[in-house]
Each structure stands twice: as structure tokens, then as C-alpha cells.
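Written below as C-alpha cells is the structure these notes are about.
The values are calculated or read from the model by the stated rules, or taken from the named source; none is laboratory data. Please read all numbers here as calculations on a predicted model, not as lab measurements. Neighbour counts are summed over all protein chains in view; Cβ atoms, including those assigned to glycine, are modelled from backbone coordinates with ideal geometry.
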Amino acid sequence: MIFRSTYSKPILLAGNGIRTSGAVKLLHEFATKTNIPVLTTMNAVDLAQDDLHIGFIGTHGNRVANMIIKECDVIISIGARLGIRQAGKDTRNFAPQADLIRCDIDEYELARTIKEDERKYHSDARDFLQMLLNEDIPDYSEWKNKCLEAKKLLESYDKQPGNMAVEKISSLLPENPVVSVDVGMNQCWCAQSLHLKGYEGRIHISGGYGTMGCGLPFAIGSSIAQGNAKSFCVTGDGGFQMNIQELETVHREQLPIKIFILNNHVLGKISETQYFEHDGRYAATAISGGYTVPSFQKISEAYGIKAATLGSYEELDNYKEWIEDDEPCLFDIQLPEASFLTPKIKFETGKMRPELDDAIISQVKNVLRG
């Protein structure tokens, strides 16, 4: 037996290995059958969408997901490498109250020990999930509802304008969309706040490759792979400039790609480090440090693609027809220059920044422990 019936607060941690193994439907079947809450890694955020959506863990993960990890009593990790961004610098602080069950096809990943008493299964994710489905596992609806209640308590915290822009984009997308995300702050905002309708949508993220500029090429490939179907691209002003010339491909092939630029006029992740760690000494990352941004609307229109510059993400409501039609378009969404990523787990201390009031933290913990 893999699962022990003595567990009261289990978590299934889904990694991208589940998709690689072709086990996505098995994951959804298991989650529906047992109501065990599903958390994900950043690379696998699209595996738990719609009513399965709680969040992803790690450095820039959703606060509620990281708090649930602290309170659960077992983690079933499938196809997730549990690298330093998920498990932290000091792995003794990772899921301190939980047993750890790890399934991975890569024996060298399993060779790294996260917890001394962890149970390791060198197995394909598909085979492992099938074994779990064959076991008699009780229903954990009550525990899942506590996790969802904790999520609701925290939903108004940690929101930057970028998160709110992504939430607005989410609300306007069709069921099961294919969304390609660039590298930078926009990637983290999307991992935190892009909540898709349906179970079959995709969020393409480059993950550990960190390939800044990948958003538009990903969207082009996604569209062509589906027979020139509609796809969506969320990118930043920095990443978009790295492959801006591919607008010609979009125009020439008349691919119905909808491009959303989250434009805060800075190279966000680097400028944030310079702000917090180097007294705001920006070097080629912000306007004051020599970084500039062109008029994306004019450039898009020069390529023959309709475009709009929006002073706020709220203005997207005025362009529903553009989002729904079968033509390419571009939205240059203005965000404040001082846009940060929150929460963030400090590498040195393992603590989340910013710290919330003790009252709300205690309230969330009481719900999860109740």
C-alpha cells in the first residue's frame, strides 16, 4: 500500500512529469475520486485548474499553497523534482509535519534526499497514479474545503497590479484556452493568478530554462500546432522586445494570436533585485538606468496587426470583440513601474515577504488546523 488511511491532511503535489507521462486524466480522476487537494509546481500550474485550483508552491508560489504545505501530514509528490525553489535552501523546513512520498522516473532526482524518512518510488507517473487509484482511499472533502476556505481568507493579500491584470485577462478567456507565458514578472503573476476555466487548457511556461522572449514564439507554435487556432500570449515589455520581429510571422500567416503585454517599463525581476538589495541602483533595467520602451501599438500597427494602448487592465472590457474574433491583436497594458512580486520566500531565511499581520496568519492556521 502506498497510502495510509491514518492520514488526515494529505496533499498531492503535481509536477510536470505527470503531463510528460500522459497521466493528466488520471490525475483529474484521482483528485475527483478522493478530493485530496492538489498543489502544483510552477511548471505544472495548468494541471490543476477550474475547481481543482488552489495554487503552486515555492519561492514565488501562492501564500496559501506554501501555508498548506506547512500544515499537511503527507505529501504525495509525483513528477516534481522538488528543487531548491520548491523545497528551499534548508529542506528540514520543508513540510515539517508531513511524511513525504516521492514518485519520479529519474533515479538521479530520487537520489537527492529531501526528508530522511521519505518513501521513494522509481516509477512512471502514469503507473504510479494507476496504483493509487486502485487503493481504497477515503474522501477528503472536509480537508479540501478547509484549504479552499484558507485560500478565500488570503485572496485579497499579495496582489500587485500585475496579478490583477492577469485576473482580468483570465476572466475574458474562453474555456480551455492555450496561453503562452514569457519569462519575468509576467511569468510569476500568471503562475499565481491565471485561473483557467475547464480542465484541458494549457499554460506554456519555459520553467527552469528562463528563456526570456519565448512567449510570442510559444504562441505561434501553439496556434500552428492546432491548425492555426486561437492562442493567447502574456508577455512583458522586456521579453517582447527580444522577439518582436515575429509579429511579421503572425501577420503573414494571419494567426489569431491575442498578445497581452504587461508593460511596467522596467526589466522587472532584475530591477526588483536592484531595488531591494542594491539601494535602487538601476543599471539598464529602468528608465533612470537607461532602459526604454517603444510604442508597441505603433510597431504592431506597422506590421498590420491591430493594437491598443491601455492605461489600465480594466479597459480590456472594451475590447471583448477583439479577444473573441479570429484576428491577431495586441494590447499594451500599462502598469506602475514600482510593480513587485509578492509573496517571495527569502532564500536565506525561508520566510515569506511581505509578512502579514499576526491576526490573519493565525486565522488561516486555525482553519487549516481545525
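If you check Gly61, Gly79, which single one turns out to be in contact with a helix residue (DSSP H, G or I) (Cβ under 9 Å, 6 or more places away or on another chain) and closer than 30 Å to Glu355 by Cβ? After applying the criteria, what remains is Gly61.
Can you tell me which condition Gly304 does not meet? The list is (1) exposed (fewer than 13 other Cβ atoms within 10 Å of the Cβ); (2) at positive phi, and all the others hold. Result: Gly304 fails condition (1) only. Taking region 213-268 as the region of interest, the helices (runs of 4 or more DSSP H) fully inside it that hold 3 or more residues being under 20 Å from Leu310 (Cα atoms) and at pLDDT 95 or above are 237-242. Of the residues in region 188-200, how many are crowded, with 20+ Cβ neighbours inside 10 Å, over 10 Å from Asn43 (Cβ atoms) and small (Gly, Ala, Ser)? Of the residues in that region, 1 qualify. When the criteria are applied in full, Glu337 meets the requirement of being in the same structural domain as Gln297 (by TED's automatic domain parsing), of a type in the set (D, E, K, R) and part of a loop (DSSP other than H, G, I, E, B). With respect to Ala308, determine if the residue is free of Cβ contacts under 8 Å to residues at least 12 places away in the same chain and of a type outside the set (Ser, Thr, Tyr). When the stated conditions are applied, Ala308 does not pass them. State whether one or more residues within region 305-317 are under 21 Å from Glu248 (Cβ atoms), among the basic types (Lys, Arg) and assigned by TED's automatic domain parsing to the domain that holds Thr235. Within region 305-317, one or more residues are under 21 Å from Glu248 (Cβ atoms), among the basic types (Lys, Arg) and assigned by TED's automatic domain parsing to the domain that holds Thr235.
Looking only at residues in region 276-321 that are aromatic (Phe, Trp, Tyr) and under 21 Å from Gly162 (Cβ atoms), the one that is modelled with the lowest pLDDT is Phe276. Considering region 164-174, and only residues there that are in contact with a helix residue (DSSP H, G or I) (Cβ under 6 Å, 6 or more places away or on another chain) and surrounded by fewer than 20 Cβ atoms within 10 Å (Cβ to Cβ), the residue that is farthest from Ile361 (Cα to Cα) turns out to be Leu172. May I ask you to verify whether Ile36 is buried (at least 21 other Cβ atoms within 10 Å of the Cβ), outside any loop (DSSP other than H, G, I, E, B) and either at pLDDT 95 or above or not hydroxyl-bearing (Ser, Thr, Tyr) (or both)? Considered against the rule, which asks whether it is buried (at least 21 other Cβ atoms within 10 Å of the Cβ), outside any loop (DSSP other than H, G, I, E, B) and either at pLDDT 95 or above or not hydroxyl-bearing (Ser, Thr, Tyr) (or both), Ile36 comes out as no. Using beta carbons and a limit of 7 Å, which pairs, at least six apart or on different chains, have the first residue in region 327-347 and modelled with pLDDT of 90 or more and the second one crowded, with 21+ Cβ neighbours inside 10 Å and aromatic (Phe, Trp, Tyr)? From region 327-347, the pairs are Leu330/Phe296; Phe331/Phe260; Asp332/Phe296; Ile333/Phe260; Ile333/Tyr313.
Right, Gln86: polar (S, T, N, Q), more than 21 Å from Ser156 (Cα to Cα) and surrounded by 23 or more Cβ atoms within 10 Å (Cβ to Cβ) or not? The answer is yes for Gln86.
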